[in-house]
Amino acid sequence: MYTLIKKNGKARRGQFETVHGTFQTPCFMNVGTSAAIKGGISSVDLKNDLKCQVELCNTYHLHVRPGDEIIKQMGGLHKFMNWDRPILTDSGGFQVFSLAKLRKIKEEGVYFNSHVDGRKIFMGPEESMRIQSNLGSTIAMAFDECVENPAKYEYSKQSCARTTRWLKRCKAEMDRLNSLPDTINKHQMLFGINQGCTYADLRVEHMKEIAELNLDGYAIGGLAVGESTEDMYRIIDAVEPHMPVNKPRYLMGVGTPSNIIEAVARGVDMFDCVMPSRNARHATVFTWSGIMHVTNKAYETDPRPIDEQCDCPCCRNFSRAYVRHLFKSGEQLGGRLAVMHNLYFYNTLTEKIREAIENDTFDEFRAKYSELLAKRL
């Protein structure tokens, strides 16, 4: 259940109660696609050192490896990865459309080849729900069609209609699965996904349709896939007035620290992105003064931490010079420390956003940090 605690303009401060605990919003979900954060970060690190509230795992990847049946046999995803807080599972829709070179979209679902071994796979709404039920995640995402931008209007319109039909099938299948005696999480929640590419009228119409289904939460999907930042903000502005006030709003796959601040200002509650961990593995780190590439020659003998305003495990213990040396030497520890720093930074960013909304200072926070955090040092 979502509770809206405070508003500051359109920015919302809330909390979401689930069977695996309550998390505070706005919230950044740390992306552990295959039940692990890339860069050697464990669930224990996330909980004890990195302030992670929610972990995101991926239905498609876990279905391919090790197999959702195996995870069910192991007691579900929470037991499998030793994580006792909420988990959101992405439906696999985006991966089917982005990874599968050969795919056929039909009304029943999508036929495609695995990106790992080429074997034929079929996934539709019911299959996605069954896999996510086997995983036992806290929140399951509906199976949708993710269309690349730019897309033709007529195709986008047909795709929205199909996504709505699929969503209704997801809801019916989840209700059935949650009633079965051997289901791991009988309180699994379902979020619907708003689609419509960059067409505001399609987005609004689709949002109104799916809002009537009274789901546990609503996501804006199909953005941050090639369109401009301005287009992304324009679509959020168009959709937000039609999103239920008493349900969490999730902007999928976004984004930079600046994107998060700007989307919160437009009424969004939840975010996920591989950017903090992916960039960190290539020595790019986020700081409260801007973006730093830690392998730069300037840091060769720099004794300061990556960010003097940060108290993450990396910044508390190691210098820029040392982290630079690790990357230059090809030591895995370099990537691990940088990933820890970036995830801590993102989780602290949303913590500070929550504080600013509570204190009615979000506008000042936005004015100070939205541009600053995008600056390259």
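We did not get these values from a lab; they are worked out from the coordinates using the rules stated. All values derive from a computational prediction rather than experimental measurement. With ideal geometry, Cβ positions are generated from the backbone for all residues, glycine too; neighbour counts draw on all protein chains shown.
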What's the Kirkwood radius of the range 120-209 in Å, using all Cα pairs? 13.9
Give, rounded to the nearest 20 debye, the magnitude of the charge dipole that the chain has about its Cα centre when Lys and Arg contribute +1 at Cβ and Asp and Glu contribute -1 at Cβ. 560
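So what's the net charge close to E107: Lys and Arg +1, Asp and Glu -1, counting the other residues with Cβ under 9 Å from its Cβ?
Working: positive: K106, R162, R165; negative: E108.
After counting each charged neighbour, the total is +2.
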Can you work out the FRET efficiency for the pair R162 and A321, with r the C-beta to C-beta distance and R0 = 51 Å, to the nearest 0.05? 0.40
Return the subset of K6/K352; K7/K47; K72/K186; K51/K186; K47/K79 for which the Cα-Cα distance in this structure is over 19 Å, preserving the input order. K7/K47; K51/K186
When only C-alpha pairs under 8 Å and at least 6 residues apart count, what is the relative contact order of the range 67-205, in percent? 25
Order by protection proxy (mean Cβ within 10 Å, highest first), peptides 112-123, 269-280: 269-280, 112-123
Remind me, relative contact order of the chain in percent, using alpha carbon pairs under 8 angstrom and six or more residues apart? 18
Along the principal axes of its C-alpha atoms, what lengths does the range 280-374 span, in descending order and rounded to whole Å? 46, 21, 21
Residues I105 and M74, FRET efficiency given R0 of 35 Å [Cβ-Cβ distance, rounded to 0.05]: 0.60
Any aspartates and glutamates with Cα under 20 Å of the K104 Cα? List them, leaving off those in the same chain fewer than 8 positions away. D117, E126, E127, D144, E145, E148, E154
FRET efficiency estimate (nearest 0.05) - Cβ-Cβ, E154 to V44, R0 56 angstrom: 0.65
Multiplying the sequence separation of V274 and S329 by 0.36 nm and subtracting their Cα-Cα distance, what value in nm do you get? 17.4 nm
Please compute the net charge surrounding V274, taking Lys and Arg as +1 and Asp and Glu as -1 over other residues with Cβ under 15 Å from its Cβ. 0
For the chain, with the dipole built from +1 on Lys and Arg beta-carbon atoms and -1 on Asp and Glu ones, taken about the Cα centre, which of L223, S258, S43 lies farthest toward the positive end? S43
What whole-number value in cubic angstrom gives the convex hull volume per residue for the C-alpha atoms of the chain? 133
